[in-house]
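**Q** Can you keep this structure in mind? I'll have questions shortly.
Just so it is clear, none of the values below were taken in a lab; they were calculated from the coordinates. Because the structure is a prediction, the values reported are computed rather than measured.
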Amino acid sequence: MDEQGHKPNRKERRTAEASGGMTDRLFLEIADRFIDVANRENRTVQATDLHMAFLYAAARYNAHVAKNVVAVSEHEPFVDEMTKAYQEMLRNHLADPQV
C-alpha cells in the first residue's frame, strides 16, 4: 500500500518489481533473507548476542543510507523516524502469536 492508501494490483506490482521498485512481496522476501542469516548464525551464536549484532548492523546501515544516500542534514528527525518505525514493527511482531 502506498502513502495515499492505494493497494497496487498484480500488474502494478510486477511493473514495480521489473523496474527495481520495492513491493510488499519483495520487502518480505528480503526481510526473510535476513531472518535466514540470523537462523543460520543462531546455530553457533546465542540469540541474546545475535539480536544485538543485527540491531547494530541495522543502525550502521541506516546511518550509511542517511549520510550517503539520502544526505540527511538533520540527524535527529531521521533518528526519530527510524526509532518510531522500529518500535511499531517490534510491537506488531510481539503481538503476533505466530512469532
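**Q** Decide, for the stretch 46-99, between rounded, prolate and oblate: order the square roots of the alpha carbon gyration tensor eigenvalues as a ≥ b ≥ c, take rounded if a/c falls under 1.5, and otherwise choose prolate if a/b is larger than b/c, else oblate.
**A** Numbers: a/c = 3.27, a/b = 1.63, b/c = 2.01.
Note, shape of the stretch 46-99 comes out oblate.
**Q** Assuming 0.36 nm per residue, please report the length gained on full extension of the stretch ARG33 to ASP49 beyond their Cα-Cα distance.
**A** Numbers: separation 16, 0.36 × 16 = 5.76 nm, distance 1.92 nm.
Roughly 3.8 nm would be gained on extension.
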